[in-house]
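Every number here is computed from the coordinates shown, using simple stated rules; none is lab data. None of these values were measured; they are calculated from a predicted model. Please note: Cβ atoms are built from the backbone with ideal geometry, for glycine as well, and neighbour counts cover all protein chains shown.
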Amino acid sequence: MARFKRILLKLSGESLAGKLGYGIDVERLNEYARQVKEIHDMGVQIGIVIGGGNIFRGLQGAGKGFDRVKGDQMGMCATVINSLGLSSALGAIGCKNRVLTAIRMEPVGEFYSKWKAIEAMERGEVVIMSGGTGQPYFTTDTGSSLRGVEIEADVMLKGTRVDGVYTADPEKDPSATKFHDITYDEVVERKLKVMDLSAIVMCNDNNLPIYVFNMDIPGNLKKVMEGEEIGTLVHK
Ligand code: UDP
């Protein structure tokens with residue numbers, strides 16, 4: 001039995017770059033698709049939001065003289081590119097799915113609505129919600145908390161390259177220790193970089209727990225669904 005009935009899985013665009021450091025590492029993409037299929041086979045209803053940092057971030061463009069809004073729109077398009085990649089990888093292994101977009105761009109994907117997403121999940125399709133919130137000055141962290149709340153997910157699973165939330169960045173500070181669980185308030189007070197502040201506030205206000213775990217280890221997504229405590233739970 002899966003621990004959660006309906007999940008919102010947030011994947012970072014940067015992780016998709018894998019060992020290439022930029023763009024899409026097909027091996028990583030296929031590995032993510034395999035992990036998603038594993039839990040789809042358990043009967044879990046799955047909504048996915050992917051970032052676009054492996055291709056473009058609005059802020060990075062603004063630093064080089066880009067118009068911020070156009071830069072953010074480029075970033076949102078990057079999330080659509082990643083979403084189409086994941087959709088294709090899922091389709092190739094027989095996992096039914098559809099891409100919804102926060103900005104109208106048929107026939108690339110259908111325009112997002114909460115009900116379309118829920119109906120598709122209830123029919124057994126994985127739903128990839130691309131384009132973030134559709135608005136500039138946001139990130140896919142905020143986009144995923146918004147979508148998670150909208151689709152009434154039981155939890156947001158934040159797949160990263162770290163195995164949970166630490167007292168400090170474990171890649172920089174070897175003395176950092178990991179939390180088994182932590183409250184939203186403590187994340188904010190300690191200024192821990194779990195997600196953007198706006199995303200944390202949205203999850204707190206709407207009581208959407210966040211589970212942070214390392215998605216770059218094959219099989220970990222299934223372990224989370226089986227109830228293995230391999231990450232950190234952020235809650236009220
Ligand atoms: N973005 C945006 N609005 C949104 C979501 C994303 O403008 O609702 C843009 C923003 O420029 C962001 C980029 O898309 O930098 C890529 O998303 P993000 O940085 O969240 O990707 P990740 O860090 O997860 O790879």
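Tabulated values for the structure
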read-out	value
Unsatisfied cross-links (Cα-Cα over 27 Å) in the set Lys10/Lys114; Lys191/Lys236; Lys96/Lys193	Lys96/Lys193
Dimensions (Å) - region 113-198, Cα atoms, principal axes, largest first	46, 29, 22
³J(HN,Hα), Karplus 6.51/-1.76/1.60, whole Hz, each residue of region 203-212, x for Gly, Pro	5, 4, 4, 10, 6, 9, x, 10, 10, 9
Label-point separation, Lys19 to Ser198 (7 Å along Cα→Cβ), nm	3.7
Label-point gap, in nm, between Ser175 and Arg3 - each point 7 angstrom along Cα→Cβ	3.1
Values of log10 I(q)/I(0), in the order q = 0.15 Å⁻¹, for the chain under a Debye, Cα-only, solvent-free model	-1.00
Under-5 Å amide H pairs with Asp181, H placed in peptide plane, nonlocal only	Leu233
Rounded to whole Hz, the Karplus (6.51, -1.76, 1.60) HN-Hα couplings of region 4-11, x for glycine and proline	10, 8, 10, 10, 10, 9, 9, 10
Phi to ³J(HN,Hα) by Karplus 6.51 cos²θ - 1.76 cosθ + 1.60 over region 54-61, Hz, x for Gly, Pro	6, 10, 7, 10, x, 5, 5, x
Computed lengthening from Arg161 to His235, 0.36 nm per intervening residue step minus Cα-Cα distance	24.6 nm
Pairwise label distance in nanometres, Lys223 with Glu119, each label 7 Å out on the Cα-Cβ vector	3.9
Ratio of the Cα radius of gyration of region 81-134 to 2.2 N^0.38 Å, where N counts its residues	1.05
